[in-house]
Amino acid sequence: MAKILFINPTVREEDVPRHIPYGIALLSAIAMKEGHLVQVYDANAWRLPIETISEVCQADEWDAICIGGLTTSYNYIKQACKLIRKASPKATIIAGGGFLTSMPHEIFSWVPELDVGCIGESFVTFPEVLKSLDNNDKDFSKILGVIYRDTTGKSHLTNVRPNIHDLDQLPWPAWELFPLDIYFENSASLFSEESFTSKRRMDINGSFGCGLTCKYCWHLGTTGDMLIEPNDDGDNDVVFTYGRNIRYHSPDYIVSMVKHLHETYDIDFAAFIDENLMTMDVASKGTWLKELCAKWIEAGLQPTCRAQGIEHDENCRGVHWNGTSHAGLHRPATLKLMHEAGCTHLVYGLESFDPNILKNLGKGSNARKNFNSIATCLESGIKPIPNIIIGFPEESFESVRNTITAIKKLGITAKPHFATPYPGSEWYYQYKDSILEQYSGDLEAYIMDLGDASKITAVISHEFSALQLLGLQQIVYLKDLRLLAQSEQHWGNAQALTTPLAAPKVTFNLKPLRVSGPLAIPVVNVEPIAVK
């Protein structure tokens, strides 16, 4: 039995804390089921000075201190690890999450305090690491899916950890370990009337994966896209592919979990953080969302405003919900059922309305489907929330014009995000050399600079500079075709004389083939992890 401290890093400091860290909450539940003692320091919720970590670490004799998150939390993680090591020199520091899986060897070289890390899916790997610590064995070389150091400090990556088959084996996250009152205070969002009036929202995760191959997206092993292979130096390293292991919880699992949240914490809103609900529905041959909606209503979770066909107000009872969608994969009949069950809004990653950009993006949509999806979603009663990006590698004045023309016709106002090559994405590996050139050869400086995609960092556009993209962002926001034409006239001749900032290259870490990582062989006659 180990004493474990989880640290949830601060993310998006410009915003209030909105999301309980689902991965940490899930791993905490798994560790507790194995008999370990778990505590959480939620730095993102409390927003105390980072030095507070020293006091937390000195509060007990921790066997393991665990920290992880997305790459955008790297700044905090790096500082935190220095404080952890100084305050708890005997504790084993364990890392995990996207920031590590996307570039394990680099992270281990930049953060020397780390002892071991879980690469990819950690549901089986993490308990095995804890078991090794219980046995006073710090030889992690026998555990699949980890990065560790040898006696000289050199990092080594073991072979890939197969994904689990049945997600319903997982326990529910340990929500009780987190300061829920802080997250409930920040429940409201502007996406719909129901979400804006929410008083107690919780995130839920119904699936892992997405069958698409969007070049800006990262999956980091949780969908079977990750392999581990020897590089040119003979050292194991991560390789990402177009392979997918599509997996989703059963509707019974999801509905029983939401019903528990409703009865225990009185939640009024559930936000699906899945990559894409519609790709899951396609994978299930159109049955998953239909069954989910039916069971949601059957369980008494349907909001009264939808059950009675009346306007939503403060007297409404039940649980509204939202998720993500795809312009080319939603079905009107399914959307109607989702609305009836309580779905309020869906985030649509439209990204662009330019045919060339969409063709090369790997999203499986086109300008016509993007355009029609807004009306189709609105007709169902669900509000579509469009996401727009500029700064694609193929971006041009014509592509920007196509996007502005479309959003003017649709009546959409959107301040676009910038195309950002986050580690783990195809863009990152293709443009890594260009990123290094833009950051004077200092890759860590780029990682430290990353944040929300509303901020411009490394440019991957072949035609536009950061200066131009900042201006184009405002022009798209204003939907001003006159200013766009003026800018094109001014820059027209100059474009022919400039050298592109970014150029794609072939890389070891990316294998653009439909090669999936392994799935664990199902074990017969073994009792699954009990659901709370």
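A few notes on this one:
- Bridging of residue 138 to lysines at a Cα separation below 24 Å is possible for 3, 33, 78, 82, 86, 90, 154, once same-chain residues fewer than 8 apart are set aside.
- Per residue, the solvent-accessible area of segment 284-335 (1.4 Å probe, heavy atoms of protein chains only, all protein chains present) comes to 47 Å².
- Solvent-accessible area assigned to carbon and sulfur over segment 28-103 amounts to 52 percent, based on a 1.4 Å probe.
- Couplings for segment 453-463, taken from phi via the Karplus curve 6.51 cos²θ - 1.76 cosθ + 1.60 with θ = phi - 60°, read 6, 6, 9, 8, 10, 6, 8, 10, 6, 7, 10 Hz in order; Gly and Pro are left as x.
- Computed packing ranks the peptides 497-510, 238-251 as 238-251, 497-510, most packed first, by mean other Cβ atoms within 10 Å.
- Ligands, DNA and RNA excluded, the heavy atoms of residue 306 present near 40 Å² of accessible surface to a 1.4 Å solvent probe.
- P(r) tail fraction, the chain - alpha-carbon pairs more than 34 Å apart, %: 40 percent
- Mean-position separation - Cα centroids, segment 175-224 and segment 237-291, in angstrom: 11 Å
- Of 170, 269, 478, farthest towards positive along the dipole that unit charges on Lys, Arg, Asp, Glu beta carbons give the chain: 478
- Anisotropy class of segment 281-344 from Cα gyration tensor, a/c 1.5 cut: prolate
- As a fraction of the 1.4 Å probe accessible area of segment 184-226, surface on carbon and sulfur atoms comes out at 62 percent.
- Per residue Cα convex hull volume in Å³ - calculated over segment 388-482: 94 Å³
- Once C-alpha pairs closer than 8 Å and six or more residues apart are averaged by separation and normalised to the residue number of segment 216-322, the relative contact order reads 22 percent.
- Accessible surface of segment 391-532 [probe 1.4 Å, protein heavy atoms]: carbon and sulfur percent: 57 percent
- Database remark: amide H of residue 321 closer than 5 angstrom to the amide H of 270, 343, 344 (H placed geometrically; neighbours at sequence offset of 5 or more, or on other chains; Pro and chain starts carry no H).
- Over segment 460-510, accessible surface divided per residue gives 61 Å², non-protein components excluded, 1.4 Å probe.
- Heavy-atom accessible area for residue 404, with the other protein chains in place and a 1.4 Å probe, reaches approximately 0 Å².
- This model, with +1 at the C-beta of Lys and Arg and -1 at the C-beta of Asp and Glu, gives the chain a dipole about its Cα centre of some 1180 debye.
- Highest average packing first - 194-202, 511-519, 135-143, Cβ atoms within 10 Å: 194-202, 511-519, 135-143
The values are calculated or read from the model by the stated rules, or taken from the named source; none is laboratory data. Every value quoted in this text rests on a predicted model; they were computed, and no experiment measured them. Cβ: placed from backbone, ideal geometry, glycine included. Neighbour counts: every protein chain shown. Only protein heavy atoms, including side chains, enter the accessible area calculation; ligands, DNA and RNA are left aside. Shrake-Rupley method; radii C 1.70, N 1.55, O 1.52, S 1.80 Å.
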